[in-house]
Every structure is written in structure tokens, then in C-alpha cells.
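Please see the structure below; I have some questions.
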Amino acid sequence: MFKKIAFVLALIPLSLIAQNTIKGTFTPAEDFKYAILYKVTPTATNYVANTEIDKDGNFEFLMDSTSTQGMYKLVYALPQEEFNFDIIYNGKEDIALTFNTETGVQYKSSLENTLVSSYTNSMSLISQSIGNFFRQQSTDSLALASIFKTQLETQNEYEKAAEGTIALNFIKANKPYIPETFEDLSTYIENLKLHFFDHVDFNNETLQSSNFLIERILNYVFGMTAKEGDDELGNYKKNIDEVVASMKDANLDVKARLLEILWQQLVDANMEGIANHIADSYLLEMARSLNDNELVTGLELFKRLSLGNKAPEFNVDIEKNGKKESVSLYDLDDASQYIIVFWSSTCGHCLEEIPQLQAYLKDKGKEIKVIAIGLEDEETLWKTESAKYPEFTHVLGLGKWNNPIGASYNVTATPSYYVLDAEKKIIAKPYDFAAFKKWMDK
């Protein structure tokens, strides 16, 4: 009897330290070096662990008793906000997956994640069938009714299968508009737009802890096309206004966070007018209400640096009557275009691009002037390097990343380019020399 009791007691520690795993394989293996796991909540992204990806593309995380159920994010490259995907962890099961840069993530084991993945694939196939029906301009109302019946049955079956799981949050929120009677294409599209957010609860903490909400918003803003005759710019603005209206019951910080991500997506896509519409109409006021001064400053700075606005002012030294004189950028009147380039004598990319800029402009005449602002920690090397470009107007920006001129132009990398017209209005912001040359050659 004593031996039996001792055996049972020996098993107790094993059950207390039992672990689940999140493991997988990345392909092609040589493209991946590491994986970082985060636990995500509506208000925080908390580091859990990191691991190297081996030569065969394999990785593994051990999830012990301190790993609570909920939403996790797996990061596999930089920038982290771009190269990641969501993982549902219920604290009860091992998770195995594969990831490929072309096909994305596929789950080999995990009821929760497989449910969401299978549901998404099934509904996508049905959406393709609906698209094919309308592309063929069919009038077979029974055939369309059959597709919609299948769509409704599939939705209901997955909701039933997901009862009691975290996955149910995503399956219910993704429920599409399903007509009860035959609808022509234009009516169907209008109803899709009208009911796109019907089942999305913006205050749902599981959805807030994932990419779902922002992906839903992006699909609406960029996926809902304009009516014939509507301008594209106006359509984007209209879609954004409708997105904001759909979030009317959401917490202010949730709305602000989602709109900030959308704003950044538009900034990255060089859609300045739409980005500024978000800021002017909604996001600036939200940021001020939340006392988010950093966001307010960023939004205002971006708007000041948008195309068509006058560039921030600073002084330059010029030769006048044989003497050096400090004058404002705004007072320069010796060219039809001005190129402001922020560079550094210690920046490898700069030392490649600045000579290319010099050579390219050699035959452009005096109508184009370059103002080269060197962001430097000290001036010795800058003096040597800047002397190689005597035709440029040089400005020494000591303090490097803390230099006030660089800060006023929101410079976070060198080289950075701004092209101004004769009135010092910003007419282009090329990403690098190749983009500048392409813009000029137009």
C-alpha cells in the first residue's frame, strides 16, 4: 500500500511541470534566422521567449504553466510589426505549424488554430464561387441560392464546432452578409458594404489582441471599390468615414490605435491626402483627448511635410559680394528647384549616393540647386567629404539625430531627399537616389 502511495506522489511533480510546445518549420530555411514569441493583450505586447531557427528551418518554444491562454504573436523578421502572425494558445494543446513566404502559415496540429484556418479557407472558396457566378453574368437564381445556402450552413457548422474555444471569436466576427433572396451584383455589393462590420465587436479583447480588427478595416478601406463615376480619392475617404462610424461604440483608445495603424499604412503607401484626412477628421482629436502628445506631434509634423506645403525654414551660408552671409532658405531665389539632401560623412549609403547625385546634376545647369545638410557628431570628416562637392550649398548639422533641422524634416535615416520648387514648396520626397532620378526623368 505504501509503495502505491509513493508512486502516486512521484507523479504529482510531473503533472505540475507538464509542458506544451509551439513548434514548426520555416521554408526556405536559409531565409529565417530567429523566432520571437509575444503574448498579446489589448494594451500590451509582452515578450515571452526567442529561439534560433536551425539549418533545417525548425524552431520550438516550451510553454509551461506560467504561459496563460490567449493570443500570441510569432515574429520571424524585421520590422516586427510587418513580419508576424497570430497564434491561438489555449493552454491545453501542442501547436505544430509550417510557414512559407509564399503560402503563409499552415497548422499541422492545434484544434483552435486549425478551426480558424479551415474556416477561412472554406469561406474563401465559397466567396470565389459567388464571384464566378457574377462574373459569368448568370441569371440562374436557384444556383445562386444554393451557393448562399452552402455559405450559411458552413458558417453555422463552424460556429457549432468552435463552441467553447477562443477560435469562436474569430469565426463569429467574420460572418459575412448572406442574402435570403436573389440579388443582382450591384445590390449584393452594396449590402456587403452595409453589413461588413455587423458581427464585429470592437470591444472584444480577443479580437483586440490579434491582427483581426486592423485586417478587417484594411480589407474594407482598400477592398470596397468605388462606384462608376466616383473618384478614387473620394472613395477612400468615404470608406474611412464608414469604418469610423462602425466603431462608434468602441473604446476611444481602441479606435485611436486602429486608426493610427491605418494612418501609418497610408503613409507607407505614399497616400498623403488620405492619411491627412484621417488625422484632420479623427485621429488628432482622439490623440489630444488621450493626452498622446507623441502621436499629436507625429501627425502634425507629417502634415507639415506633406506635398504642396512649404518646407520648414532654416538658414544657409552663401557667398555674397565676396563674403559669407547667412540667409533663410525662403530668401534663396537662384534656382527653379532645390534639392535638400540629408546625409552624413560616416554613412556608407550616403558616400555611394551623393557622388551619383553630383554626377547626375552635372549637366542640369544652374536651375537646380542642392542644399546638403550633413548630420554629424563632429565636423572634421564632414569638412573633408563636403569639399568634394563644391557646387552644393553645405550646412553642418551637429547633433546628428538630435539636430533641429533634421528633426523639423522628420529625418530618421540618411540619405533623405526633399525636392522643393522655387517657392520652397515640397514637390517630391524620393526614398533614395534611384527614386529621385526616376522622378526627375519623368
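Every read-out reported here was derived from the displayed coordinates using simple, explicitly stated rules and does not represent laboratory data. Model, not experiment: these values are computed from the prediction. So basically every Cβ, Gly included, is an ideal-geometry build from the backbone, and we count neighbours across all protein chains shown.
Take every Cα pair under 8 Å in the stretch 360-442 that's 6+ residues apart, average their separations, divide by the length, and report that relative contact order as a whole percent. Please report the intermediate quantities before stating the final value.
Working: 78 pairs, mean separation 16.5, N = 83.
Relative contact order comes out at 20 percent.
Under 16 Å from a point placed 7 Å out from the Cα of K149 along the Cα-to-Cβ direction: which residues of the stretch 161-198 have their backbone N that close?
Only 179-183 fall inside the zone, counting backbone N under 16 Å.
Once you place label points 7 Å from the Cα toward the Cβ at V316 and E391, how far apart are they in nm?
Distance between the two pseudo-spin positions: 1.4 nm.
Taking the Cβ of T98 as the centre, find all other residues whose Cβ is under 15 Å away and add up their charges (Lys, Arg: +1; Asp, Glu: -1).
Working: positive: K23, K108; negative: D31, D54, D56, E60, D94, E102.
Counting the neighbours of T98, the net charge comes to -4.
Which value, in nm² and rounded to one decimal, describes the direction-averaged projected area of the C-alpha convex hull of the stretch 315-441? Present the calculation step by step, with values, prior to reporting the outcome.
Numbers: hull surface 29.9 nm².
With the hull built on Cα positions only, its mean projection is 7.5 nm².
Let me ask something else. Using the Cα atoms of the stretch 106-177, I'd like the radius of gyration and the largest Cα-Cα distance, Dmax, both in angstrom.
13.8, 42
Lys and Arg at +1, Asp and Glu at -1: add these up for the other residues within a Cβ distance under 11 Å of K310 and post the number.
Details: positive: R304, K424, K425; negative: E313, D421, E423.
Result for the local shell: 0.
Taking the Cβ of each residue in V254, V116 as the centre, tally the other Cβ atoms inside 10 Å and list the residues starting with the fewest. Walk me through the intermediate numbers first.
Working: V254 19, V116 25.
Arranged by neighbour count, lowest to highest, V254, V116 become V254, V116.
Mean Kyte-Doolittle of at least 1.6 plus a Cα span of 20 Å or more along the axis: flag which DSSP H helices in the chain meet both, please. Show your work: numbers first, answer last.
Working: long enough: 2-16 (22 Å, 1.83); 111-135 (36 Å, 0.09); 141-161 (30 Å, -0.43); 232-246 (21 Å, -0.62); 252-268 (24 Å, 0.41); 348-361 (21 Å, -0.02).
Span-like helices, by this rule, are 2-16.
Follow-up. Who wins for biggest fluctuation among F196, F61, F83 in a Gaussian network model of the chain, springs between alpha carbons below 10 Å?
Taking springs between Cα atoms under 10 Å, the residue moving most is F83.
Could you give the spread of the C-alpha atoms of the stretch 113-304 along their three principal axes, from largest to smallest, in whole angstroms?
56, 46, 25
Give, rounded to the nearest 20 debye, the magnitude of the charge dipole that the chain has about its Cα centre when Lys and Arg contribute +1 at Cβ and Asp and Glu contribute -1 at Cβ. Don't jump to the answer; show the numbers that get you there.
On the way: 42 positive and 64 negative charges, 104 e Å.
For this selection, approximately 500 debye.
Return the long-range amide H neighbours of N58 (sequence gap of 5 or more, or a different chain), with a cut-off of under 5 Å between placed amide H atoms.
F26
Now for a different question. How many nm is it between the label spots at I261 and E60, if each spot is 7 Å from the Cα in line with the beta carbon?
About 3.2 nm separates the two model spin labels.
Percent relative contact order of the stretch 113-304, based on C-alpha pairs within less than 8 angstrom and at least six residues apart?
Relative contact order, the stretch 113-304: 14 percent.
Let me ask you something else. Over all alpha-carbon pairs of the chain, lay out the pair-distance distribution in 20 Å bins, whole %, shortest bin first.
Bin by bin from 0 Å, the calculated values are 19, 41, 30, 9, 1, 0.
To continue, here is another question. First select every other residue whose beta carbon is under 11 angstrom from the beta carbon of T393; then total the charges, Lys and Arg +1, Asp and Glu -1. Working shown, then result.
On the way: positive: K369; negative: D317, E319, D334, E391.
Combined, the nearby Lys, Arg, Asp and Glu give -3.
Gaussian network model of the chain, Cα springs within a sub-10 Å range: biggest mean-square fluctuation belongs to which of T181, T25, T120?
So, out of T181, T25, T120, the one fluctuating most is T181.
In a Gaussian network model over the chain where Cα atoms closer than 10 Å are linked, find which of E159, E385, E242 has the largest mean-square fluctuation.
Largest GNM mean-square fluctuation: E385.
Right, here's the next one. If you average the alpha carbon positions of the stretch 53-121 and of the stretch 250-294, how far apart do those two centres end up, in angstrom?
So the separation of the two Cα centres works out to 30 Å.
Mind listing the Cα extents of the stretch 17-109 along all three principal axes, in Å, largest one first?
33, 29, 21
Counting other C-beta atoms within 10 Å, and keeping those with at most 15, which DSSP coil trypsin sites (Lys or Arg not before Pro) do you find in the stretch 248-291? Provide the component values of the computation, followed by the final result.
On the way: sites: K248, K255, R257, R288; in loops: K248.
Those that pass, being in a loop and sparsely packed, are K248.
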